[in-house]
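The values are calculated or read from the model by the stated rules, or taken from the named source; none is laboratory data. All of these numbers come straight from a predicted model, not from anything done at the bench. Here the Cβ positions follow ideal geometry from the backbone for every residue, glycine too, while neighbour counts run over all protein chains shown. Remember, those area values only see protein heavy atoms, side chains included, never the ligands or the DNA or RNA. Shrake-Rupley method; radii C 1.70, N 1.55, O 1.52, S 1.80 Å.
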Amino acid sequence: MDFRHIRAFIAVADALSVTKAAERLHISQPPLSRHIQQLENELGLTLFVRHRQGVTLTEPGRQLLEKARAWEAAAQTFHDAAKEARSTEGARVRVGIAWGLWDVVNRVRIDWERAHATQYLLQVSADGSNWTTIKTVDNSQGGVEDWTGLSGSGPAYVFQIIEALSDGGVAAGLPRDVATRLAAQTLFGSAKMVLETGLHPGVLKDMVTSPGGTTIEGLHELEKGALSGTLINAVRAASAKSKKLGEA
């Protein structure tokens, strides 16, 4: 259930007017009316009787109003507790990085580290809520820790790998859209296995490689093409470039 629907219900019940409730919530009437309609549809109940002078609560509406107020109060208590937790969490700087801004943000990070930090945790998050510590930095001399070559430039490497796998699928006779989707899903599923099992990628690789099978044949071709060494060199080169940019 969308909490916005509950807030809309309470506002209209208090004002007994969609117009006045919309003014209090600083929104226009159509989206407010949609919130009420969607809530009524979800509950399977009519909460208001509409008339020219405004609206009147139905009996089910009156019964649910106090429950809605209690829910709103609980939500405010939760929000206040979260705000308090943030204020006591400690000195943490979180930076959201959009596509194409890795190098710029890394220069800011290095300048910040030089000015303020000798000890900190390097954390990453895909959703801004769940954070994973990827490195603990102690006694930093400033501007020496770098993740740009891997996580910053890494998406481009992965996109190129997906494109290459898709090309291979097309060469094997698959339609392009099917090949691309299969390639992306393969990387997605493999990444989930690494994160969820905690096993070393080499162990997982061996688990899906049968003696004398098709996978080992393909891995042999990857080794002949020096895929591992090329990726290592790409990360090192991007990291070195990032450090140069940070020193500029």
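Considering (1) at pLDDT below 95; (2) out of contact with any Lys or Arg (no Cβ under 6 Å at 6 or more places or on another chain); (3) part of a helix (DSSP H, G or I); (4) open to solvent by less than 100 Å² (accessible area, probe 1.4 Å), the lone condition that K244 does not fulfil carries the number (4). Is it the case that A191 is part of a helix (DSSP H, G or I) and either touching a helix residue (DSSP H, G or I) at 6+ places or on another chain (Cβ under 7 Å) or basic (K, R) (or both)? No. Restricting V203, V194 to those that are over 23 Å from S153 (Cβ atoms), without any contact (Cβ under 8 Å) to a residue 12 or more places away in the chain and among the hydrophobic types (A, V, I, L, M, F, W, C) reduces the list to V203. Entry remark, the range 1-28: residues being more than 17 Å from A75 (Cβ to Cβ) and either hydrophobic (A, V, I, L, M, F, W, C) or open to solvent by 80 Å² or more (accessible area, probe 1.4 Å) (or both) number 11 in total.
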